[in-house]
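Below is one structure, written out as structure tokens; the observations come after it.
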Amino acid sequence: MKKKAASRLPCISISLVLASLTLGGCARQVVVTPQAALDYGQITLRQAPPNIDVSALRGRRIVLDPGHGGSFVGAIGPNNLREADVNLGVALYLWGMLTQAGAEVHLTRTDDSNVYKAADIEVKKDLHARVEFAQAHDPDLFVSLHHNADVLPGAKRNSLETYFKMKDPGPSLDAAQHIHKQLALSLNQPDNAILPGNYHVLREFAGPAVLGEPSFISHAFNAFRLGLAPTQRVEAQAYFLGIAEYFAKGVPKVEIIEPLAASPNDARPMIVARVTADRGVPIDPASIEMRIDGAPVSATFDPASSLVHYLPERRFSNGNHTVDISLRNVNGNAARTAATEFDVVMPPAYILLDTNIRTVPLNNKQQVRLAAKIFDADAMPIADGTRAEFTASEGLSSPAVSYTTGGEAIVYLAPGGAGGPRTINASIRAGDLSHNVNLYVRDDAPSFSVFHVFDATRNAPVANALVTVDGRPLGYTDRAGYFAAGAGEISGSFLTVSAPGYIPRTVDCASLAKPSFVKLKPIADGLLFGKKIAIDPQLGGEEKGQTGPTGVRSSDLNLRAARYLAEFLKASGAQVVLTRESDMTATLLRRVELAEQSAAELFISIGHGGLVLSPLNGESAGAETRPADAYSLHYPNSKDGARLAATIAGHIEVLGVAQRALVQPATDFVLTHTAAPATIVALPGPSSAETEDRLRDPDVARREAYAVYCGILEYIGLEKERTGRLVVRVRGEDKSAPALITLDGALTVRCASGSDFTFRCLAPGEHRLQVLTGGKTIQDYTVVIEANQTAVAEVVITALQ
């Protein structure tokens with residue numbers, strides 16, 4: 001299923017197979033098991049083992065998904081055999097066998113057609129249509145039938161691979177194990193493996209799911225056999241026996257029946273689940289696992305009532321909680337994990353109302369913050385979204401409504417308008433509780449300044465922005481972008497406001513209005529805000545990769561470049577997960593799992609020293625292996641992955657990281673099974689002493705990371721024709737004191753005297769440049785980038801101090 005062919009050529013007659021399975025009165029032609037084993041040369045149509053009770057299939061609902069078809073022929077063998085046709089042939093045989101045994105079977109396609117029927121057909125839409133079809137039938141098992149291919153011409157690889165849904169090591173793995181066993185016995189294939197899979201149809205289908213790759217259609221002799229009906233029949237029978245064996249061992253069910261969605265006035269709700277055995281196979285009590293909010297708890301099982309109970313040892317916090325439970329029967333088959341959510345909502349019992357400024361001067365026009373902390377009877381913050389009403393004798397449109405976050409409700413009022421000294425009363429009510437606080441307007445009250453920090457593009461408040469005065473931190477803005485400081489704290493000083501993803505802003509406090517609005521410009525137009533990106537430093541631990549003559553290891557180079565890239569992305573507002581953060585071993589499966597758990601929108605794998613490929617299921621797609629070049633690899637059928645790889649490769653060349661960066665398809669495990677668009681960036685490794693010396697320089701890693709960073713920006717949507725460049729040239733007599741160049745408080749590189757660095761992909765407008773050497777700032781100023789494709793703002797540093 002790995003590679004599509006350019007042409008469609010005839011092979012077997014699918015219509016004949018379909019006719020033999022569907023014509024009235026011909027059901028007996030579908031022989032599930034012969035009276036004696038039939039040897040077709042290395043593959044065998046076997047007799048049904050006596051321990052497999054095929055009656056277990058009666059009433060089971062199964063969806064079969066013959067891969068590819070219609071616009072997507074799949075792989076093509078050396079004899080022009082199309083994978084789509086073979087998949088359908090096996091599926092039709094299997095449909096007949098399962099139906100004859102009493103199962104309710106549904107096929108995603110019964111002919112050579114697309115499953116997605118609209119005109120705007122594309123791979124992802126067709127795959128999603130298969131999932132929707134399966135979901136609509138709510139089957140007990142989903143089986144997707146495929147055949148593998150090696151993308152290298154003349155390849156002789158032939159192996160059996162059975163994939164189970166990566167996120168389901170329960171029923172999906174159980175079914176895969178039984179199916180795989182029967183395929184291995186029938187196909188006599190010693191090279192075989194059961195693997196976790198994250199293919200679209202496995203990942204998106206809600207229930208147990210298996211994807212089979214019984215053999216390689218790219219193998220010449222195997223392609224000949226796959227074109228024959230007996231071979232397809234053998235494969236179908238092996239699937240049949242595996243599915244029957246799986247259900248014959250019983251598939252238990254578990255359902256959470258308590259608590260209900262909400263638990264008002266109950267902070268320790270009993271968790272109750274009902275267990276249903278299948279085919280009389282008892283539940284294994286030792287296998288029961290219950291998790292609340294992801295943490296395991298000790299539940300009890302009562303076989304008489306078939307109920308699982310858990311009474312919490314202590315109360316839950318207010319808010320949303322999750323519970324899931326898994327178990328197996330004594331035959332080892334797992335139930336589908338049952339999961340639910342419930343809310344604990346205890347009523348308010350205590351309220352504490354306070355203000356950040358208690359005494360305000362006459363004729364004040366600045367806002368004061370009123371914050372109420374609300375607790376339940378156990379002094380725990382109440383649930384988010386609890387309604388609170390504020391009133392005040394002046395300065396507030398009453399009543400002002402606020403909803404709690406973290407147990408706190410906030411409003412703002414402006415006391416101290418025209419009039420003489422006086423007392424202002426403010427109050428809050430939540431449920432049946434209330435609390436009051438007094439503010440005082442006095443002519444001798446100290447003045448204060450208020451700052452409202454906003455996003456200059458979206459005009460939205462910026463929370464948790466750091467406010468500093470002359471390098472001294474004063475505090476952070478609240479969730480409304482509000483910050484207040486006494487006049488004495490900022491008088492005659494320069495105030496700087498900074499936040500991840502924004503260009504820092506420095507203003508002269510003397511020029512600030514009252515109140516003041518500070519607008520922060522997002523870095524790269526805010527394109528990276530909230531983006532979840534997984535960065536995968538290849539190798540680590542016992543896997544060192546290419547090692548140079550004097551010990552420079554690829555695994556260390558990968559981690560260093562990944563860390564710099566993570567810094568650039570985080571400072572630009574992205575959320576980053578590293579698949580490893582130290583010199584540790586992480587399996588390929590674990591790397592993909594981390595990306596999936598973080599819901600990563602992009603997956604970037606960084607390597608040095610040639611192509612680091614998975615031993616599980618892939619080789620590079622004919623990539624050249626010249627150590628001096630860099631490679632940017634992507635999964636063959638991923639348009640987004642190919643575009644991501646191409647943008648990164650382009651910046652690798654422009655920034656001089658490598659002379660030539662080649663974009664190539666590949667079927668490495670992380671590319672195949674990562675849901676997000678993914679690329680492997682293979683950079684030059686420590687192949688010689690000369691290369692080692694160059695790679696030891698951290699500036700090389702910074703440049704590598706910056707090239708990938710620019711590629712990500714272009715991929716996400718930064719329009720290159722609207723961007724400019726900033727060239728920083730460092731000049732000075734002391735060549736031993738390199739300068740650290742920081743742009744927009746986010747991108748830091750190092751330049752020695754006599755060298756320069758070019759920042760690219762810069763959005764038009766003002767940018768902040770800071771140059772440090774010897775631990776001291778020698779330049780800190782604003783530069784302007786013009787909105788022109790060729791616009792360049794040049795900064796020349798003529799002296800280093």
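State which residue is nearest to Val441 (Cα to Cα) when the search covers only the stretch 398-429 and only residues that are charged (D, E, K, R) and in contact with a Phe, Trp or Tyr (Cβ under 9 Å, 6 or more places away or on another chain).
Step one: filter the stretch 398-429 for residues charged (D, E, K, R), giving 408, 422, 429.
Checking the rest, the ones that are also in contact with a Phe, Trp or Tyr (Cβ under 9 Å, 6 or more places away or on another chain) come to 422, 429.
Details: Arg422: 5, Arg429: 24 Å.
Of everything passing the filter in the stretch 398-429, Arg422 is nearest to Val441 (Cα to Cα).
If we keep just the residues of the stretch 543-570 that are among the aliphatic types (A, V, I, L, M) and touching a residue at least 40 places away in the same chain (Cβ under 8 Å), which is farthest from Tyr706 (Cα to Cα)?
Here is the first cut: in the stretch 543-570, the residues among the aliphatic types (A, V, I, L, M) are 552, 557, 559, 561-562, 565-566, 569.
Those left that are additionally touching a residue at least 40 places away in the same chain (Cβ under 8 Å): 552, 557, 561-562, 565, 569.
Values: Val552: 22, Leu557: 15, Ala561: 9, Ala562: 10, Leu565: 7, Leu569: 10 Å.
Result: Val552.
Which numbered condition trips up Gly280, out of (1) in contact with a Gly (Cβ under 8 Å, 6 or more places away or on another chain); (2) within 20 Å of Asn329 (Cβ to Cβ); (3) surrounded by 15 or more Cβ atoms within 10 Å (Cβ to Cβ)?
So the condition that Gly280 fails would be (3).
Which of the following residues is part of a strand (DSSP E or B), open to solvent by less than 60 Å² (accessible area, probe 1.4 Å) and over 23 Å from Leu352 (Cβ atoms): Ser427, Ser449, Ser402? Before the answer, list the steps.
Details: Ser427 fails: over 23 Å from Leu352 (Cβ atoms); Ser402 fails: over 23 Å from Leu352 (Cβ atoms).
Ser449 is the lone residue from the list that is part of a strand (DSSP E or B), open to solvent by less than 60 Å² (accessible area, probe 1.4 Å) and over 23 Å from Leu352 (Cβ atoms).
Output the residues belonging to the stretch 485-536 that are touching an Asp or Glu at 6+ places or on another chain (Cβ under 6 Å) and of a type in the set (Gly, Ala, Ser).
Ser493
In the stretch 95-105, is there at least one residue being surrounded by fewer than 24 Cβ atoms within 10 Å (Cβ to Cβ), of a type in the set (A, V, I, L, M) and modelled with pLDDT of 95 or more?
Yes - at least one qualifying residue is present in the stretch 95-105.
State whether the residues of the stretch 378-387 include one that is surrounded by 15 or more Cβ atoms within 10 Å (Cβ to Cβ), part of a strand (DSSP E or B) and among the aliphatic types (A, V, I, L, M).
Within the stretch 378-387 (the criterion being surrounded by 15 or more Cβ atoms within 10 Å (Cβ to Cβ), part of a strand (DSSP E or B) and among the aliphatic types (A, V, I, L, M)), the answer is no, since none of the residues qualifies.
In the stretch 147-158, is there at least one residue being surrounded by 18 or more Cβ atoms within 10 Å (Cβ to Cβ) and at pLDDT 95 or above? Lay out the reasoning, then the answer.
First, pick out the residues of the stretch 147-158 that are surrounded by 18 or more Cβ atoms within 10 Å (Cβ to Cβ): 147-151, 158.
Going one step further and asking which of them are at pLDDT 95 or above, we end up with 147.
The answer is yes; a qualifying residue exists.
Of all the residues that make up the stretch 573-610, how many are among the hydroxyl-bearing types (Ser, Thr, Tyr) and in contact with a Lys or Arg (Cβ under 9 Å, 6 or more places away or on another chain)? Quick ask: steps written out before the conclusion?
Pass one, the stretch 573-610, residues among the hydroxyl-bearing types (Ser, Thr, Tyr): 579, 582, 585, 587, 598, 605.
Still in the list and also in contact with a Lys or Arg (Cβ under 9 Å, 6 or more places away or on another chain): 579, 598, 605.
Residues in the stretch 573-610 being among the hydroxyl-bearing types (Ser, Thr, Tyr) and in contact with a Lys or Arg (Cβ under 9 Å, 6 or more places away or on another chain): 3 in total.
Return yes or no: is Val360 among the β-branched types (Val, Ile, Thr), crowded, with 18+ Cβ neighbours inside 10 Å, out of contact with any Gly (no Cβ under 6 Å at 6 or more places or on another chain) and within 14 Å of Leu439 (Cα to Cα)? Steps first, please.
Numbers: among the β-branched types (Val, Ile, Thr): yes; crowded, with 18+ Cβ neighbours inside 10 Å: yes; out of contact with any Gly (no Cβ under 6 Å at 6 or more places or on another chain): no; within 14 Å of Leu439 (Cα to Cα): yes.
Answer is no for this residue.
Restricting attention to strands (runs of 3 or more DSSP E) lying wholly within the stretch 626-740, give those where 2 or more residues are open to solvent by 10 Å² or more (accessible area, probe 1.4 Å). Reasoning before the result, please.
Details: elements: 630-634, 661-665, 678-683, 724-730.
Filter on the stretch 626-740 gives 661-665, 724-730.
Considering every residue within the stretch 338-356, establish whether at least one is under 15 Å from Ala414 (Cβ atoms) and out of contact with any Pro (no Cβ under 8 Å at 6 or more places or on another chain).
Going residue by residue through the stretch 338-356, those that are under 15 Å from Ala414 (Cβ atoms) are 355-356.
Filter once more, keeping what is out of contact with any Pro (no Cβ under 8 Å at 6 or more places or on another chain): 355-356.
Yes, some residue in the stretch 338-356 is under 15 Å from Ala414 (Cβ atoms) and out of contact with any Pro (no Cβ under 8 Å at 6 or more places or on another chain).
Take the stretch 620-654 and flag every residue that is modelled with pLDDT under 90 and in contact with a Ser or Thr (Cβ under 8 Å, 6 or more places away or on another chain).
Ala621, Pro627, Pro636
I'd like to check something: does the stretch 213-234 contain any residue that is at pLDDT 95 or above, within 30 Å of Asp343 (Cβ to Cβ) and within 31 Å of the chain's Cα centre (by Cα)?
Scanning the stretch 213-234 turns up no residue that is at pLDDT 95 or above, within 30 Å of Asp343 (Cβ to Cβ) and within 31 Å of the chain's Cα centre (by Cα).
Per-residue answers, yes or no, for (1) at pLDDT below 95; (2) within 22 Å of Val749 (Cα to Cα); (3) touching a strand residue (DSSP E or B) at 6+ places or on another chain (Cβ under 7 Å):
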site: Phe483; (1), (2), (3): yes, no, yes
site: Lys519; (1), (2), (3): yes, no, yes
site: Pro522; (1), (2), (3): yes, yes, yes
site: Gly530; (1), (2), (3): yes, no, yes
site: Leu578; (1), (2), (3): no, yes, yes
site: Met584; (1), (2), (3): yes, no, yes
site: Thr587; (1), (2), (3): yes, no, no
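If I filter the stretch 335-357 down to residues being under 30 Å from Asp284 (Cα atoms) and surrounded by fewer than 18 Cβ atoms within 10 Å (Cβ to Cβ), which single residue comes out as modelled with the lowest pLDDT? Can you show your working first?
Filtering the stretch 335-357 for residues under 30 Å from Asp284 (Cα atoms) gives 335-342.
After this cut, where a residue has to be surrounded by fewer than 18 Cβ atoms within 10 Å (Cβ to Cβ) as well, the list is 337, 339, 341.
Values: Thr337: 97, Ala339: 95, Glu341: 92.
Of everything passing the filter in the stretch 335-357, Glu341 is modelled with the lowest pLDDT.
Residue by residue through the stretch 182-199, note down the ones that are buried (at least 18 other Cβ atoms within 10 Å of the Cβ) and in a helix (DSSP H, G or I).
Within the stretch 182-199, Gln182, Leu183, Ala184, Ser186, Leu187 meet the criteria.
Condition (residue is more than 26 Å from Ser572 (Cα to Cα) and among the acidic types (Asp, Glu)) applied to the stretch 458-480: is it met by at least one residue? Talk me through it step by step, then tell me what you get.
Taking the stretch 458-480 as the starting set, the residues that turn out to be more than 26 Å from Ser572 (Cα to Cα) are none.
Looking for residues that are more than 26 Å from Ser572 (Cα to Cα) and among the acidic types (Asp, Glu), one finds none in the stretch 458-480, hence no.
Restricting attention to the stretch 462-481, and to residues there that are open to solvent by 60 Å² or more (accessible area, probe 1.4 Å) and within 29 Å of the chain's Cα centre (by Cα), which single residue is modelled with the highest pLDDT? If you could, list the steps in order and put the result at the bottom.
So in the stretch 462-481, the residues open to solvent by 60 Å² or more (accessible area, probe 1.4 Å) come out as 464, 470-473, 476, 479.
With the extra rule that they be within 29 Å of the chain's Cα centre (by Cα), the set shrinks to 464, 479.
Numbers: Asn464: 95, Arg479: 92.
Here the residue is Asn464.
Among the listed residues Phe316, Phe247, identify the single one that is without any contact (Cβ under 8 Å) to a residue 60 or more places away in the chain and among the hydrophobic types (A, V, I, L, M, F, W, C).
Numbers: Phe247 fails: without any contact (Cβ under 8 Å) to a residue 60 or more places away in the chain.
Result of the check over Phe316, Phe247: Phe316.
Here are Glu161, Glu213, Glu204: which of them is closer than 24 Å to Gly332 by Cβ and in contact with a His (Cβ under 9 Å, 6 or more places away or on another chain)? Walk me through it before giving the result.
On the way: Glu213 fails: closer than 24 Å to Gly332 by Cβ; Glu204 fails: closer than 24 Å to Gly332 by Cβ.
Sole residue among the options that is closer than 24 Å to Gly332 by Cβ and in contact with a His (Cβ under 9 Å, 6 or more places away or on another chain): Glu161.
Could you run through the stretch 71-89 and say how many residues are closer than 16 Å to Ser144 by Cβ, open to solvent by 10 Å² or more (accessible area, probe 1.4 Å) and out of contact with any Asp or Glu (no Cβ under 9 Å at 6 or more places or on another chain)?
The number of residues fulfilling the criteria is 0.
So, in the stretch 186-199, exactly how many residues are under 15 Å from Phe164 (Cβ atoms) and not aliphatic (A, V, I, L, M)?
First, the residues of the stretch 186-199 that are under 15 Å from Phe164 (Cβ atoms): 192-199.
Pick out the ones that are also not aliphatic (A, V, I, L, M) and you get 192, 196-199.
Adding up the residues that qualify gives 5.
Which of (1) surrounded by 13 or more Cβ atoms within 10 Å (Cβ to Cβ); (2) under 40 Å from the mean Cα position of the chain (by Cα); (3) closer than 30 Å to Ala379 by Cβ does Leu413 not meet, given it meets every other one?
Exception for Leu413: condition (2).
Those residues that are open to solvent by 50 Å² or more (accessible area, probe 1.4 Å) and closer than 17 Å to Ser638 by Cα, I need them from the stretch 123-137; list them, please.
Scanning the stretch 123-137 gives Lys124, Lys125, Leu127, His128.
Among what's in the stretch 762-792 and is at pLDDT 85 or above and outside any strand (DSSP E or B), pick the residue that is most open to solvent (accessible area, probe 1.4 Å).
Pro764
In the stretch 265-294, how many residues are in contact (Cβ under 8 Å) with a residue 24 or more places away in the chain and under 34 Å from the mean Cα position of the chain (by Cα)? It would help to see each step written out before you state the result.
Looking only at the stretch 265-294, we keep the residues that are in contact (Cβ under 8 Å) with a residue 24 or more places away in the chain, and these are 265-284, 287-294.
Adding the requirement that they be under 34 Å from the mean Cα position of the chain (by Cα) leaves 267-275, 287-294.
Final tally of qualifying residues: 17.
Residues are listed down the side, and each one gets a yes or a no for (1) in a helix (DSSP H, G or I); (2) open to solvent by 40 Å² or more (accessible area, probe 1.4 Å):
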residue	(1), (2)
Glu567	yes, yes
Val576	no, no
Ser582	no, yes
Thr585	no, yes
Leu589	yes, yes
Glu596	yes, no
Ala600	no, no
Phe603	no, no
Ile606	no, no
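The values are calculated or read from the model by the stated rules, or taken from the named source; none is laboratory data. Note that the structure is a prediction, hence the values are computed from the model and not measured. Here the Cβ is made from the backbone with ideal geometry for all residues, glycine too, and neighbour counts use every protein chain on show. To get the accessible areas, we keep the full protein, side chains included, count just its heavy atoms, and leave off ligands, DNA and RNA. Shrake-Rupley method; radii C 1.70, N 1.55, O 1.52, S 1.80 Å.
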